[in-house]
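Some notes on the structure that comes next.
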Amino acid sequence: TILDNLHNLVISILTSQVTKLLDSDPGYDIRSKLGGTAVMFGMMIKNCINTPQAFLNAWMPLRMQYPLRTQLTNALKSLKNDSVVFNIILCPIHVISLVKRRGDELQ
(Lines give C-alpha, C1' and ligand atoms only; values in the text may rest on other atoms or scores of the structure.)
Protein backbone atom coordinates (compact mmCIF):
# COMPACT_ATOMS: atom_id res chain seq x y z
CA THR A 1 0.00 0.00 0.00
CA ILE A 2 2.93 2.36 0.50
CA LEU A 3 3.83 2.16 -3.18
CA ASP A 4 0.15 2.50 -4.11
CA ASN A 5 -0.06 5.72 -2.09
CA LEU A 6 3.08 7.12 -3.72
CA HIS A 7 1.81 6.12 -7.16
CA ASN A 8 -1.55 7.82 -6.52
CA LEU A 9 0.25 10.96 -5.37
CA VAL A 10 2.36 11.08 -8.53
CA ILE A 11 -0.66 10.43 -10.76
CA SER A 12 -2.66 13.16 -9.04
CA ILE A 13 0.12 15.70 -9.64
CA LEU A 14 1.25 14.80 -13.14
CA THR A 15 -0.54 16.24 -16.14
CA SER A 16 -1.05 14.85 -19.60
CA GLN A 17 1.83 17.05 -20.79
CA VAL A 18 4.25 15.12 -18.58
CA THR A 19 2.82 11.84 -19.84
CA LYS A 20 3.46 12.96 -23.43
CA LEU A 21 6.99 14.02 -22.44
CA LEU A 22 7.71 10.60 -20.94
CA ASP A 23 6.25 8.86 -23.99
CA SER A 24 8.67 10.76 -26.22
CA ASP A 25 11.66 10.46 -23.82
CA PRO A 26 11.24 7.59 -21.29
CA GLY A 27 14.51 8.48 -19.56
CA TYR A 28 13.44 12.05 -18.77
CA ASP A 29 13.75 12.98 -15.08
CA ILE A 30 10.28 14.26 -14.16
CA ARG A 31 11.25 15.55 -10.71
CA SER A 32 11.53 19.07 -12.07
CA LYS A 33 7.90 18.82 -13.26
CA LEU A 34 6.57 17.81 -9.85
CA GLY A 35 6.92 21.34 -8.49
CA GLY A 36 7.43 21.59 -4.75
CA THR A 37 6.16 18.11 -3.99
CA ALA A 38 9.59 16.58 -3.25
CA VAL A 39 9.15 17.53 0.41
CA MET A 40 5.72 15.89 0.45
CA PHE A 41 7.13 12.69 -1.10
CA GLY A 42 9.96 12.63 1.44
CA MET A 43 7.57 13.16 4.33
CA MET A 44 5.23 10.48 3.01
CA ILE A 45 8.06 7.95 2.67
CA LYS A 46 9.43 8.80 6.13
CA ASN A 47 5.99 8.48 7.69
CA CYS A 48 5.31 5.18 5.92
CA ILE A 49 8.52 3.76 7.35
CA ASN A 50 8.08 5.08 10.90
CA THR A 51 4.36 4.80 11.62
CA PRO A 52 2.17 1.72 12.05
CA GLN A 53 -0.79 3.01 10.04
CA ALA A 54 1.16 2.51 6.80
CA PHE A 55 1.54 -1.19 7.51
CA LEU A 56 -1.98 -1.56 8.88
CA ASN A 57 -3.57 0.49 6.08
CA ALA A 58 -5.32 2.53 8.76
CA TRP A 59 -5.89 6.14 9.79
CA MET A 60 -4.02 7.28 12.86
CA PRO A 61 -6.11 9.70 14.93
CA LEU A 62 -4.55 12.64 16.70
CA ARG A 63 -4.88 12.41 20.47
CA MET A 64 -7.05 15.17 21.85
CA GLN A 65 -9.74 15.74 24.44
CA TYR A 66 -13.15 14.33 23.52
CA PRO A 67 -15.04 17.67 23.78
CA LEU A 68 -12.63 19.34 21.35
CA ARG A 69 -12.87 16.47 18.84
CA THR A 70 -16.67 16.57 19.12
CA GLN A 71 -16.69 20.31 18.49
CA LEU A 72 -14.50 19.90 15.38
CA THR A 73 -16.65 17.02 14.09
CA ASN A 74 -19.81 19.05 14.59
CA ALA A 75 -18.23 21.92 12.65
CA LEU A 76 -17.57 19.52 9.75
CA LYS A 77 -21.12 18.17 9.94
CA SER A 78 -22.46 21.71 9.62
CA LEU A 79 -20.66 21.97 6.25
CA LYS A 80 -22.27 18.85 4.77
CA ASN A 81 -24.28 19.13 1.58
CA ASP A 82 -25.22 16.82 -1.31
CA SER A 83 -22.18 17.71 -3.43
CA VAL A 84 -19.63 16.93 -0.68
CA VAL A 85 -18.68 13.29 -0.14
CA PHE A 86 -16.10 13.76 2.64
CA ASN A 87 -15.14 16.54 5.03
CA ILE A 88 -11.83 15.89 6.70
CA ILE A 89 -9.41 17.74 8.98
CA LEU A 90 -5.84 16.48 8.72
CA CYS A 91 -2.48 17.38 10.12
CA PRO A 92 0.73 15.98 8.60
CA ILE A 93 0.35 12.34 9.72
CA HIS A 94 -2.88 12.24 11.72
CA VAL A 95 -6.58 12.42 11.06
CA ILE A 96 -8.30 14.87 13.38
CA SER A 97 -11.87 14.38 12.20
CA LEU A 98 -13.67 12.88 9.21
CA VAL A 99 -17.32 13.17 8.23
CA LYS A 100 -18.59 11.19 5.24
CA ARG A 101 -21.78 11.03 3.26
CA ARG A 102 -23.89 8.03 4.24
CA GLY A 103 -23.14 4.98 2.09
CA ASP A 104 -19.72 6.19 0.87
CA GLU A 105 -16.44 4.69 2.01
CA LEU A 106 -12.92 6.11 2.09
CA GLN A 107 -10.42 3.58 0.74
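The values are calculated or read from the model by the stated rules, or taken from the named source; none is laboratory data. Predicted model, so just to flag it, every value in this text is computed and none were measured. As a convention, Cβ positions derive from the backbone with ideal geometry for all residues, glycine included, and neighbour counts pool all protein chains shown. Please note that ligands, DNA and RNA were not included when accessible areas were found on the heavy atoms of the full protein model with its side chains. Shrake-Rupley method; radii C 1.70, N 1.55, O 1.52, S 1.80 Å.
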Checklist entry - Of the residues that sit in region 1-36 and are touching a residue at least 24 places away in the same chain (Cβ under 8 Å) and farther than 19 Å from HIS94 by Cα, which one is farthest from the chain's Cα centre (by Cα)? => result LEU34
Checklist entry - Taking helices (runs of 4 or more DSSP H) that fall entirely within region 26-87, which contain at least 1 residues that are out of contact with any Phe, Trp or Tyr (no Cβ under 8 Å at 6 or more places or on another chain), open to solvent by 70 Å² or more (accessible area, probe 1.4 Å) and charged (D, E, K, R)? => result 38-50, 66-78
